[in-house]
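Contents: one structure, followed by commentary.
The values are calculated or read from the model by the stated rules, or taken from the named source; none is laboratory data. Source: prediction; values computed, not measured. Cβ atoms come from the backbone with ideal geometry, glycine included; neighbour counts cover every protein chain shown. Surface accessibility is based on the protein's heavy atoms, side chains included, excluding ligands, DNA and RNA. Shrake-Rupley method; radii C 1.70, N 1.55, O 1.52, S 1.80 Å.
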Amino acid sequence: MNIRVEHAPGEVQVILRGPEDSAELLRILALLEQDATRLWVWDECRRTVALPIRDIIWGEVVDDKVFLYTAAEMYQTALGLGMLESRWEHLGLFRCAKSALVNLNAIQALRSLGGNRIEATLKNGEKIVVSRRYAPLLRERIQDGG
């Protein structure tokens, strides 16, 4: 990685150059937008897309890759589930299992399962299981109002 800083009057400008499918480039974009409400991801055609956090319904890890799902699309991100949750927990992202997260704003119904697990029905009809490790945290978040 090559970093060059130029001082000039006027507006601050950041230009990033790199391959279109660069994980390093996506990590840098994510750092620049830490408090933003969008996340830079790849779509199925490997194009870089700005995904609004509110559009994420759920996410999962498959073969060490993180995939995020909206009502209509699937995207890949270079960020891990823990990083996604810690950055955008205030917008509803919640770690619900070792390899999954859910947007609390996308949950339509909850049902208790055996083994202290919870089944969440999402607004797109998907059902996701909140593991027994994360179920108490979900109950706490629900009681606190989200």
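Which ones in the stretch 30-56 are under 20 Å from Ala120 (Cβ atoms) and either among the basic types (Lys, Arg) or surrounded by fewer than 19 Cβ atoms within 10 Å (Cβ to Cβ) (or both)?
Here is the first cut: in the stretch 30-56, the ones under 20 Å from Ala120 (Cβ atoms) are 53-56.
Arg54, Asp55, listed by residue number.
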Could you say whether any residue in the stretch 38-58 is in contact with a helix residue (DSSP H, G or I) (Cβ under 6 Å, 6 or more places away or on another chain), farther than 25 Å from Leu16 by Cβ, modelled with pLDDT under 95 and not in a helix (DSSP H, G or I)?
no
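Could you please let me know if Leu16 is open to solvent by less than 30 Å² (accessible area, probe 1.4 Å) and either of a type in the set (A, V, I, L, M) or within 13 Å of the chain's Cα centre (by Cα) (or both)? Show your work before the answer.
Working: open to solvent by less than 30 Å² (accessible area, probe 1.4 Å): no; either of a type in the set (A, V, I, L, M) or within 13 Å of the chain's Cα centre (by Cα) (or both): yes.
In short, no.
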Of all residues in the stretch 71-96, how many are outside any helix (DSSP H, G or I) and open to solvent by 20 Å² or more (accessible area, probe 1.4 Å)?
9
Show the residue pairs meeting these rules: Cβ distance below 7 Å; 6+ apart or different chains; first residue within the stretch 42-68 and within 16 Å of Glu85 (Cβ to Cβ) and of a type in the set (Asp, Glu); second residue open to solvent by less than 50 Å² (accessible area, probe 1.4 Å) and in a strand (DSSP E or B).
Glu60/Phe67; Glu60/Ala100
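Val61 - would you say it is among the aliphatic types (A, V, I, L, M), in contact with a Ser or Thr (Cβ under 8 Å, 6 or more places away or on another chain) and either farther than 20 Å from Ser99 by Cα or surrounded by 12 or more Cβ atoms within 10 Å (Cβ to Cβ) (or both)? Before the answer, list the steps.
Details: among the aliphatic types (A, V, I, L, M): yes; in contact with a Ser or Thr (Cβ under 8 Å, 6 or more places away or on another chain): yes; either farther than 20 Å from Ser99 by Cα or surrounded by 12 or more Cβ atoms within 10 Å (Cβ to Cβ) (or both): yes.
Considered against the rule, which asks whether it is among the aliphatic types (A, V, I, L, M), in contact with a Ser or Thr (Cβ under 8 Å, 6 or more places away or on another chain) and either farther than 20 Å from Ser99 by Cα or surrounded by 12 or more Cβ atoms within 10 Å (Cβ to Cβ) (or both), Val61 comes out as yes.
Looking at the stretch 97-123 only, could you name the residues that are polar (S, T, N, Q) and either over 30 Å from Leu29 (Cβ atoms) or open to solvent by 60 Å² or more (accessible area, probe 1.4 Å) (or both)? Before you say what the answer is, go through the steps one by one.
If we filter the stretch 97-123 for residues that are polar (S, T, N, Q), which is where we start, we get 99, 103, 105, 108, 112, 116, 121.
Scanning the stretch 97-123 gives Asn105, Gln108, Ser112, Asn116, Thr121.
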Within the set of pairs 6+ apart or on separate chains, which have a first residue in the stretch 8-26 that is in contact (Cβ under 8 Å) with a residue 40 or more places away in the chain, a second that is assigned to a loop (DSSP other than H, G, I, E, B) and surrounded by 13 or more Cβ atoms within 10 Å (Cβ to Cβ), and C-beta atoms under 6 Å apart?
Ala23/Ala78; Leu26/Ala78
Does the stretch 127-143 contain at least one residue that is modelled with pLDDT under 95, assigned to a helix (DSSP H, G or I), within 26 Å of Leu31 (Cβ to Cβ) and open to solvent by 60 Å² or more (accessible area, probe 1.4 Å)?
no
